[in-house]
Structures are given as C-alpha cells and as structure tokens.
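Undergrad: My questions will all concern the structure given below.
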Amino acid sequence: MNGGSEIASYLIVLLFLVSLLMNFTDIPQRIQLHRFSSFVRRKLYTLEEMEVDARRKAIAYMSSTGIKEPSKVLEGFMDNFFLIRPVDMEPTDIIKRFKHLIRVRESSVRDYVRRVLSGAERSVQYSVETVLEIVSVMRLLNKLIRHYLELGLKYNNWILVMQLAIQMPELVEIAKAYRNSLDAFTSGIPIGDSVGPLVAKMLVNWKEPIREISEGTDLYETEVEGRKVYVIKASGPGSNVGWPGEALEKLVEELGGAIDRIITVDAALKLESEESGEVAFGTGAAIGDIGPEKIAMERIASKYSIPLDAVVVKMSEVEALSPLTKKIYEGVVRSYEVVRKIIIEKVRDGGVAVVVGVGNTVGVK
C-alpha cells in the first residue's frame, strides 16, 4: 500500500510540475514556435522548388525567342524595376502621379526587353515582359515569406510565425498559379483573366481592329441590332492588358460624349460559396486596376453622364492566372449574351454603345 501511495504522490508532484512549466513558462510558446516554423520551412522549400522550375521555363522560352544568355537577362531583371508608390498623405493629383510612375516603369521594362530582343514581334515582347514579371513575383514572394519567418524566429514571436503558417497553403496555391501561368504565356493560351478580350472579339465576330487608339490597345467597330458598338481591348495575341481607361477616355472625347452606354467586361474574384464561371451584372467600371485606368473610366462616364455597366465572370485567383477552363469559357459565352442583351434593351435604336473588354489578351488576337 505504501508503495502505491508513493507512486501516486510522485505522479501528483510530476503533474504539478508539468502544469507549472506549461502554464507559467514560455515552453509552450517555444514548442509552438518550433512546430509552426517547421511547417513554414517545408512549404518554403516547395515554393523555392517552384521558383526554380519557373526560372527554368522562363529561360527556355526566352532562349526560343532568340535571346542570348537568357539567364543573365533574367538576373538583370530580378529585384530591379521596382515601383515606389507616390506620397498619399497629400492626395492632390495622386492618380496623375501614380499613372506617370506606372508608365515610366513600363517604358523602362519595355526598353530593357527590346534591347535583348530586337527585331521580334511586339506580341512576343509583351509575352517576354510577362514571363520576367512572373518569375520576379515568385522570387519576391519567397523573399517576403523568409523575411517574416526569420523575423519571428529572431524575436521568438510565435504568433507571427503562426500567422504565416496559417497563410502558407493559400500562398502555395497562388505560387502554383503563377508557375502554371507560364505555360499559358509561353504557349499563347488564353487564361481566366482573358474573359474580357474574348467577349470583345466575340462581339466583333473576330474581325481585325480599325486602329490602335492607345498604346497596346485596339479599337473595333460593329453593329448589334441597329445599334453602333465600339469595342476596346488590349492588342493581342501576346500577354498584354493595354490601357483601357485611357482608350475609353480618348474615344468618348472624340465622339463628344455622344454615347448612350458604356459596358465593361472583366474577370472577378468569386466567393468560396460561388461557382466558377458565374456571370454577374452591375454598375461601375469592371477592372482590377490599381487606380489610374479605373478612375479614367469613371471620370469620363461622369463627365458626360453616360451609364456605366459592369459584367463580370466569377473565378478564383488561381483560375484567373491559369489556362482557360471549360467552366470559365462557358461563363464567357454567357457574358457575351448578357452584353448583347444590355445593348439591345438599354441602348436606343440607332444609338451608340462602347464595350470595353478588360483583361490579359494572351492568345486572343
């Protein structure tokens, strides 16, 4: 009996000591820190493998376009051509400043590609630019993840590392989407974000543009049930989004504001409860721009009191970057029908409408 009592006493003391250590020391936090950091390291290793694979694909594609020493070209682009956001404490003319900086950066990137790819078609140059951007984004993603991991470990901040670990599955999916998008951009296959340009080309029955209204942005003319329709989309078939806001602004000013309706078509991020390929109709400028192009659309529509409609095809962020799926293409067909219906029902007979197909026009000439 005494032996049993002693064992029970030892167990009680042991449980008390364990409880004391777990509740009044930082041992649990250190265990959590080790657990979450190990998880992040494993995922980071996967992301680094994806980056290596993306670099390999990018180098192979650039080599096929005739670029000499593509690995040096890639390294010369990495970590360069960054954009510092304009001062927003004083918002006066911030959009103008932002647009200027974006245009300057784009021009610098374009000049860099032209120097190493002289004589190639513009669509190929656009695709090379996009390939360089994708690999650069993947490197930046890995650097940021490693930065926050090392920061959490440096200061034993297990909460920071835990938050990073919670986000890792989503970050890995985004990285996969970027890597997979390289196959589309290097092969000239439309992606999910190409729904706007696809609808635009369907409306004009795949005809050639009448002119380039803005840099890398084409203008088309067609007719729908007695209504004149101007259609704007980025110049294809290379990877290009053009300047749809600037193009719309120019067109409306050229026509003196004599437009009955503006319809924008683009991809939109879906909620998890929504199905991919769902089509929605609303009001406003359907464009995932960071500011300048969207506000150009809103300002020109407001200036002449032109109704501004939005038609969107729902998809996930991964689907937006991946080659076009059957569900998304079915959504494209439905959105084309919705746009035609809007034109017929909401634009007077003999009136004028403008349709802007927003998005990446890769594979859509």
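What follows draws every value from the coordinates through simple rules; no lab data is involved. Remember, predicted model here, so these are calculated numbers, not experimental data. Cβ placement follows ideal geometry from the backbone for every residue including glycine, while neighbour counts extend to all protein chains displayed.
Undergrad: Quick one: Debye curve from the C-alpha atoms of the stretch 218-273, no solvent, what's log10 I(q)/I(0) at q = 0.12, 0.23, 0.27 Å⁻¹?
TA: Values, matching the q order: -0.38, -1.03, -1.24.
Undergrad: Counting only GluC sites (Glu not before Pro) that are in a DSSP loop and have at most 12 other C-beta atoms within 10 Å, tell me the longest site-free stretch of the chain.
TA: 1-120
Undergrad: Can I ask one more? With n ≥ 4 as the cut-off for DSSP H runs, can you work out [θ] at 222 nm for the chain, using -39500 (n - 2.57) per run divided by the number of residues, rounded to the nearest 500?
TA: Result for the chain: -20000 deg cm²/dmol, rounded to the nearest 500.
Undergrad: If the chain between SER302 and LYS365 were fully stretched, how many nm would it gain, using 0.36 nm times the residue separation less the Cα-Cα distance?
TA: 19.6 nm is the gain from fully extending SER302 to LYS365.
Undergrad: Still on this structure, please answer the following. Which whole number in µm²/s is D for the stretch 27-187 by Stokes-Einstein, with the Kirkwood Rh taken over Cα pairs at 25 °C and 0.890 mPa s?
TA: 138 µm²/s
Undergrad: If you average the C-alpha positions of the stretch 327-365 and of the stretch 260-307 separately, how far apart do those two centres end up, in angstrom?
TA: Each part reduced to its Cα centre gives a spacing of 12 Å.
Undergrad: Between THR92 and LYS327, what is the label-point separation in nm under the 7 Å Cα-to-beta-carbon projection?
TA: If labels sit at LYS327 and THR92, their model points lie 5.0 nm apart.
Undergrad: Stokes-Einstein at 4 °C, 1.567 mPa s, Kirkwood radius from Cα pairs: D for the stretch 97-224 in µm² s⁻¹?
TA: Translational D for this selection: 71 µm²/s.
Undergrad: Considering only MET89, MET297, MET202, give the residue with the highest GNM mean-square fluctuation for the chain, with springs between Cα atoms whenever their separation is below 10 Å.
TA: Maximum among the listed residues: MET89.
Undergrad: Mind sorting ASP260, ASP193, ASP349 by how few other Cβ atoms lie within 10 Å of their own Cβ, fewest first?
TA: ASP349, ASP260, ASP193
Undergrad: Would you mind computing, in nm to one decimal, how far apart the modelled labels at ASP183 and ASN205 are, each placed 7 Å from Cα along Cα→Cβ?
TA: Here the answer is 3.6 nm between the modelled labels.
Undergrad: What is the angle, in °, between the Cα long axis of helix 122-154 and the longest principal axis of the Cα atoms in the chain? Nearest 10 is fine, range 0 to 90.
TA: Tilt relative to the chain: about 20 degrees.
Undergrad: Still on this structure, I have one more. What size of dipole, in debye to the nearest 20, comes out for the stretch 233-309 about its Cα centre when the only charges are +1 on Lys and Arg C-beta atoms and -1 on Asp and Glu C-beta atoms?
TA: So the dipole magnitude of the stretch 233-309 works out to roughly 240 debye.
Undergrad: Further question on the same structure: For the chain, set up a GNM with springs between Cα atoms under 10 Å and report which of LEU15, LEU47, LEU255 has the largest fluctuation.
TA: LEU15
Undergrad: In the structure displayed, which of LYS143/LYS176; LYS143/LYS314; LYS96/LYS294 lie more than 21 Å apart, Cα to Cα?
TA: Listed pairs above 21 Å: LYS143/LYS314.
Undergrad: Another question, then. Just how many % of Cα pairs in the chain lie over 31 Å apart, if you round to the nearest whole percent?
TA: Tail fraction, whole percent: 47.
Undergrad: For the stretch 90-104 and the stretch 149-179, what is the separation of their Cα centres, given in Å?
TA: 32 Å
Undergrad: From the Cα gyration tensor of the stretch 68-162, with a ≥ b ≥ c the square roots of its eigenvalues, which class applies: rounded if a/c is under 1.5, or else prolate if a/b is larger than b/c, or else oblate?
TA: Oblate shape, in that a/c is at least 1.5 and b/c is the bigger or equal ratio.
Undergrad: Right, here's the next one. Pull out a ≥ b ≥ c, the square roots of the eigenvalues of the alpha-carbon gyration tensor of the stretch 282-343, then state rounded if a/c is under 1.5, prolate if not and a/b is larger than b/c, and oblate in the remaining case.
TA: oblate
Undergrad: If you don't mind, another one. Relative to the present Cα-Cα distance, how much length would full extension add between LEU151 and GLU173 at 0.36 nm per residue of separation?
TA: 5.6 nm
Undergrad: If you stretched the chain out fully between GLU48 and VAL104, how much longer would it get, using 0.36 nm times the residue separation minus the C-alpha to C-alpha distance?
TA: 17.1 nm
Undergrad: With springs only between Cα atoms under 10 Å, which of LEU219, LEU182, LEU17 fluctuates most in a Gaussian network model of the chain?
TA: Comparing LEU219, LEU182, LEU17 in the GNM, the peak value goes to LEU17.
Undergrad: If you filter the stretch 37-133 for chymotrypsin sites (Phe, Trp or Tyr not before Pro), then keep DSSP loop positions with at most 11 other Cβ within 10 Å, what is left?
TA: PHE82
Undergrad: Could you work out how far helix 326-346 tilts from the main Cα principal axis of the chain, as a 0 to 90 degree angle to the nearest 10?
TA: Relative to the chain, helix 326-346 is tipped by roughly 40 degrees.
Undergrad: In whole Å and largest first, what semi-axes does the C-alpha gyration tensor of the stretch 192-357 yield when each eigenvalue is scaled by 5 and square-rooted?
TA: 23, 17, 16
Undergrad: In the stretch 224-307, which chymotrypsin sites (Phe, Trp or Tyr not before Pro) fall in coil by DSSP and have 16 or fewer other Cβ atoms within 10 Å?
TA: Passing both the DSSP loop test and the Cβ count: TYR304.
Undergrad: Could I ask something else about it? Suppose R0 equals 51 Å. What FRET efficiency, 1/(1 + (r/R0)^6) with r the Cβ-Cβ distance, do LYS143 and GLU275 give to the nearest 0.05?
TA: Computed FRET efficiency for LYS143 and GLU275: 0.90.
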